[in-house]
Amino acid sequence: REGDARDYMYAVVEGEVDLFVKGQQVETVGQGGIFGEMALIDQTDRIATAVARTAARVVPVDERRFLFMIQETPNFSLHVMRVLSDRLRRLDPRLIGT
């Protein structure tokens, strides 16, 4: 939930999860997607609430495993950066001039 302390990021293995910021739906994360990564990167409280849209299975990834994945799989780091970049562009219209 928005405002909760950080603990894990999550990978969606099955189903879909909706993300809400201040009560407004901002994204649906499907199979193969991730959410909650910002809390592990900047170590701040959650900015979004995640709610299963369908029956879903998610895998929690704690900070230790997250750092291991970054060290062992550099492409994972690039994937996380692309997810963050895409979310930032969609959430902040000032960045794209609209």
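The values are calculated or read from the model by the stated rules, or taken from the named source; none is laboratory data. Just so it is clear, the model here is predicted, and its values are computed rather than measured. Every residue, glycine as well, gets a Cβ built from its backbone with ideal geometry; the counts of neighbours run over all protein chains shown. Keep in mind that these areas ignore ligands, DNA and RNA; they rest on the heavy atoms of the full protein, side chains included. Shrake-Rupley method; radii C 1.70, N 1.55, O 1.52, S 1.80 Å.
What Kirkwood radius, in Å to one decimal, follows from the Cα pairs of the chain?
One over the average 1/r among Cα pairs gives 14.0 Å for the chain.
Hey, any idea what % of the chain's accessible area is carbon plus sulfur with a 1.4 Å probe?
Solvent-exposed carbon and sulfur of the chain make up 52 percent of the total.
Please work out the FRET efficiency for the pair Gln24 and Gln71, using the Cβ-Cβ distance as r and a Förster radius of 41 Å; give the result to the nearest 0.05.
0.70
Each label point is 7 Å from the Cα along the Cα-to-Cβ direction; what then is the distance between the points at Thr49 and Glu14, in nm?
Reported label-point gap for Thr49 and Glu14 is 2.6 nm.
Heavy-atom accessible area of Thr44 with all protein chains present, probe 1.4 Å, nearest 10 Å²?
Rounded to the nearest 10, the figure is 70 Å².
For the chain, what does the accessible surface come to per residue with a 1.4 Å probe? Please give it in Å².
68 Å²
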